[in-house]
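K.L.:
Take a look at this one; I'll ask things after.
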Amino acid sequence: MTTGPGLDAVRQERFAGRMVQVLNDACIGYLCSLGHRTGLFDAMAPLPPSTSTRIAKAADLDERYVREWLGGLTVAGVVEYRPEDGTYRLPPEHAASLTRAAGPENMASLLQDLALLGTVEDEVLDAFRRGGGVSYSSYPRFQELQAEETGRVYDVALVDAIVPLADGLTERLRAGIDALDIGTGQGHAVNLLAQAFPASTFRGVDISEKGIAAARDEAERLGLDNVRFDVADTAELTGSYDLITAFDVIHDLARPARTLEAVAAALRDDGVFLMGDISASSNLEENIGHPLGPALYTFSVFYCMTVSLGEGGAGLGTVWGRQRALQMLGDAGFGDISVEQVEGDILNVYYVARK
């Protein structure tokens, strides 16, 4: 061990141990991402203790790869192994955080982001040296992953828990109002609302043609005739609306202040702006101990901040925080703002804003 004057050897050793754990945990994250994408966790969950051959057959995968994957997750304590008969088991307590059946509790889905972020490390490194950012086009799977991650929450909570955060909004949607979702991605949230409230009309806008195409396809499959999707710049909105929503998008934008001003201008006098965004503080010291703190700052460096900067934008970052959000909403013209939470959602808070 390297030591020197004034160096606390115990503290040094403790931190070195932590870094070893960081390395191991990062590798476990990649294995869990593969477990989600291959369907291995879903295949293992209902099985009794089984050999790698049986597990590979259940997931329709190559046995040799499955066996090595099982080895990694066995030494990680995720999978149980019985050497006497060479069988593996995914405990139900672990499956509750790893399978698609877990819904919003499925953490393996989120771990797919690790591989995505790794693909742009060289571009992010260049941005550190030269400034600027990374182009949105460098993230071909982003919308797919975002749609999967947010969909798990929206399917459970959007209609019954998130919409009711705004007093009277559920009743107004049932009666019939005009609604707009900005930065709609693949449009799943809009299509859920259009299904639940057929008397209302919905529009979703996004700059991604691929995302809008996916949104239209889902709407067509569901037979929805009260929704439309358009490729459009959220900072240049058209029309007037009773409800405007923005879910985890404002902090990514190149022109977030201009977008919030455009939202206020497009909102009717009795309208509601429902904005879901990251639950964090604008003050760094208040984010120490945040359960997702390191992940949020990492996502910001590797995606949220850098994509905005890549468009010559503000670069707010993932952790722009509640204080900054309230200030920007006020500057945009919103005078009545409340901050609400949904039980069990540690990622987001919801701003209910009126003019």
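K.L.:
Do you know which of the residues in region 328-355 that are part of a helix (DSSP H, G or I) and surrounded by 15 or more Cβ atoms within 10 Å (Cβ to Cβ) is farthest from the chain's Cα centre (by Cα)?
P.N.:
The extreme case among them is A332.
K.L.:
In the set D233, D225, D167, which member is in a loop (DSSP other than H, G, I, E, B), within 20 Å of T259 (Cα to Cα), among the charged types (D, E, K, R) and out of contact with any Cys (no Cβ under 9 Å at 6 or more places or on another chain)?
P.N.:
Just one listed residue meets the conditions, D233.
K.L.:
In region 106-120, which residues are over 12 Å from E149 (Cβ atoms) and surrounded by 14 or more Cβ atoms within 10 Å (Cβ to Cβ)?
P.N.:
L114, A115, L117, V120
K.L.:
Continuing with this model, one more query. For the list (1) closer than 30 Å to G344 by Cβ; (2) crowded, with 19+ Cβ neighbours inside 10 Å, I need the number of the one condition that A102 fails.
P.N.:
Just one mismatch for A102, condition (2).
K.L.:
Regarding V272, is this residue part of a strand (DSSP E or B), touching a residue at least 12 places away in the same chain (Cβ under 8 Å) and not basic (K, R)?
P.N.:
Taking the combined requirement at face value, the residue satisfies it.
K.L.:
One residue is enough: does region 342-355 have a residue meeting the conditions more than 24 Å from F202 (Cβ to Cβ), aliphatic (A, V, I, L, M) and out of contact with any Ser or Thr (no Cβ under 8 Å at 6 or more places or on another chain)?
P.N.:
No, region 342-355 contains no residue that is more than 24 Å from F202 (Cβ to Cβ), aliphatic (A, V, I, L, M) and out of contact with any Ser or Thr (no Cβ under 8 Å at 6 or more places or on another chain).
K.L.:
State whether the residues of region 126-148 include one that is crowded, with 17+ Cβ neighbours inside 10 Å, within 20 Å of F247 (Cα to Cα) and among the hydroxyl-bearing types (S, T, Y).
P.N.:
yes
K.L.:
It is to be established whether one or more residues within region 254-273 are under 22 Å from E144 (Cα atoms), in the same structural domain as E171 (by TED's automatic domain parsing) and out of contact with any strand residue (DSSP E or B) (no Cβ under 9 Å at 6 or more places or on another chain).
P.N.:
yes
K.L.:
Would region 131-145 turn up any residue that is in a helix (DSSP H, G or I) and either more than 23 Å from I212 (Cβ to Cβ) or not assigned by TED's automatic domain parsing to the domain that holds A264 (or both)?
P.N.:
Looking for residues that are in a helix (DSSP H, G or I) and either more than 23 Å from I212 (Cβ to Cβ) or not assigned by TED's automatic domain parsing to the domain that holds A264 (or both), one finds none in region 131-145, hence no.
K.L.:
Scan region 87-94 and tell me whether some residue there is among the hydroxyl-bearing types (S, T, Y), part of a helix (DSSP H, G or I), under 22 Å from D42 (Cα atoms) and not assigned by TED's automatic domain parsing to the domain that holds L296.
P.N.:
Taking every residue of region 87-94 in turn, none turns out to be among the hydroxyl-bearing types (S, T, Y), part of a helix (DSSP H, G or I), under 22 Å from D42 (Cα atoms) and not assigned by TED's automatic domain parsing to the domain that holds L296.
K.L.:
Please state which of the following conditions T298 fails to meet, knowing it meets all the rest: (1) assigned to a strand (DSSP E or B); (2) surrounded by fewer than 20 Cβ atoms within 10 Å (Cβ to Cβ).
P.N.:
It is condition (1) that T298 fails.
K.L.:
Would you be able to tell me the number of residues in region 17-52 that are more than 30 Å from the chain's Cα centre (by Cα), free of Cβ contacts under 8 Å to residues at least 40 places away in the same chain and exposed (fewer than 12 other Cβ atoms within 10 Å of the Cβ)?
P.N.:
Here the count works out to 1.
K.L.:
Could you check region 53-85 and list, in sequence order, the residues that are surrounded by 20 or more Cβ atoms within 10 Å (Cβ to Cβ) and of a type outside the set (A, V, I, L, M)?
P.N.:
W69, the sole residue that qualifies.
K.L.:
Across region 236-252, which residue is surrounded by the fewest Cβ atoms within 10 Å (Cβ to Cβ) among those that are more than 22 Å from the chain's Cα centre (by Cα) and part of a strand (DSSP E or B)?
P.N.:
Applying the filter and picking the extreme gives D242.
The values are calculated or read from the model by the stated rules, or taken from the named source; none is laboratory data. Given the structure is predicted, the values throughout are model-derived calculations rather than measurements. Every residue, glycine among them, receives a Cβ derived from its backbone with ideal geometry; neighbour counts consider all protein chains shown.
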